[in-house]
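Worksheet: the structure to be examined is printed underneath.
The values are calculated or read from the model by the stated rules, or taken from the named source; none is laboratory data. Computed from a prediction, not measured in an experiment: that's the story for all the values here. Positions of Cβ are generated from backbone atoms using ideal geometry, with glycine treated the same way; all protein chains shown enter the neighbour counts.
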Amino acid sequence: MEGGNRLFRYIGGRLLQSILVLFCVTVFAFMLIRITPGNPAQMMLPDTATEEQIHEMEIKLGLDKSLPMQYIQYITGIFRGDLGFSTTYRVPVSDVIPSRLISTGKLTLATVICGCLISIPLGIIAGAKRGTAIDFFAVFFALLGQSMSPVWLAVLNVYIYSVWLGWLPAMGSGGLIHIILPMVTLAYPMAAEITRISRSGMIDALGEDYITSTYAKGIKRSVVYRKYAFKNALIPVVTLVGLQVAGFLAGTVIVETVYAWPGIGHLITQAVSNRDYALVQSLLLISATVFTIINLIVDIINSFIDPRIILE
């Protein structure tokens, strides 16, 4: 019963921290347009707009009210699903983002599945069989992947598989074949990092005193690996995967731009280049919300894997 209360208190504390972070993000996103040089209303209108049209836009945006009232209006708009009007697409922001978020979600899911299926078994086996051929391969695989720039890898993939061999399309999102190149570009560096972390975690876990004690009790090596070492090696892996997922969902700007993948990252570049402040503000808020929620989920998962985290 006491353990359950500690768990609820831990989750409640993390939830309150997440709410505080989101509050700070809303304040920053709100102030983003207000501290930008120039008149936001004028920036949303053509250069030929008259003073009367600018004033009407200020009233429409609520810029004629005090800052506290503007913030309240901004928050209530968020809860109503009103994120503002996109000057790039000439439609409400809430109509632009969902389809882009779905596209990024598909790419993220494919990348994480591909990356984890390769890296976690490779890292765990390499850590358990330290000094063997598979360990050396895992180290080489991780070092090579971490040394590659995503931009360089994206361009290399396009040149080899699209331009030279002609096997895969270089851009677009018409079907499953279009997801292969951006997925590989994102999955390899991710898999390299997870391989390194899972290998190190397994080596550290096998070096603990309680693992030596289990061997002394005559417990089979396979049982020790599966029941004790693997669980402890999994904690940093879960944390890293969570951060990677949050980063992908928040927008992989470079990769989506290179492959013209219609996701959040591609949308961010368009919004910034077109000075679409309402869209930039909303994307900032959504990205921060995704990071916060994923981190909260990771903390909860880790607390179930290792209850000692709650005591700390």
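Residue-wise test of (1) modelled with pLDDT of 80 or more; (2) more than 19 Å from residue 285 (Cα to Cα); (3) in contact with a helix residue (DSSP H, G or I) (Cβ under 8 Å, 6 or more places away or on another chain).
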position	(1), (2), (3)
4	no, yes, no
11	no, yes, yes
28	yes, no, yes
48	no, yes, no
54	no, yes, yes
64	no, yes, yes
69	yes, yes, no
72	yes, no, no
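In the range 228-255, which residue that is farther than 18 Å from residue 301 by Cα, surrounded by 19 or more Cβ atoms within 10 Å (Cβ to Cβ) and of a type outside the set (A, V, I, L, M) is modelled with the highest pLDDT?
Residue satisfying both the conditions and the ranking: 252.
Among residues belonging to the range 162-190 that are of a type outside the set (A, V, I, L, M), touching a residue at least 60 places away in the same chain (Cβ under 8 Å) and assigned to a loop (DSSP other than H, G, I, E, B), point out the one that is farthest from residue 120 (Cα to Cα).
The extreme case among them is 172.
Restricting to the range 78-108, what's the tally of residues that are more than 17 Å from residue 276 (Cβ to Cβ) and not assigned by TED's automatic domain parsing to the domain that holds residue 264?
So the answer is 4.
Can you find, within the range 185-210, the residue that is surrounded by the fewest Cβ atoms within 10 Å (Cβ to Cβ) among those that are farther than 11 Å from residue 141 by Cβ and of a type in the set (Gly, Ala, Ser)?
Looking at the filtered set, the residue picked out is 207.
Please state which of the following conditions residue 163 fails to meet, knowing it meets all the rest: (1) farther than 24 Å from residue 105 by Cα; (2) at pLDDT below 75; (3) of a type in the set (A, V, I, L, M, F, W, C).
Of (1) farther than 24 Å from residue 105 by Cα; (2) at pLDDT below 75; (3) of a type in the set (A, V, I, L, M, F, W, C), only one is false for residue 163: (2).
Mind listing just one residue for me: the one in the range 109-161 that is hydroxyl-bearing (Ser, Thr, Tyr) and part of a helix (DSSP H, G or I) and, of those, surrounded by the fewest Cβ atoms within 10 Å (Cβ to Cβ)?
So the residue we want is 147.
Could you say which residue among 258, 272 is modelled with pLDDT under 85 and surrounded by fewer than 20 Cβ atoms within 10 Å (Cβ to Cβ)?
Only one candidate qualifies: 272.
Residue by residue through the range 50-69, note down the ones that are of a type in the set (D, E, K, R) and assigned to a loop (DSSP other than H, G, I, E, B).
Correct list: 64, 65.
Could you tell me whether any residue of the range 278-299 is crowded, with 23+ Cβ neighbours inside 10 Å and outside any helix (DSSP H, G or I)?
no
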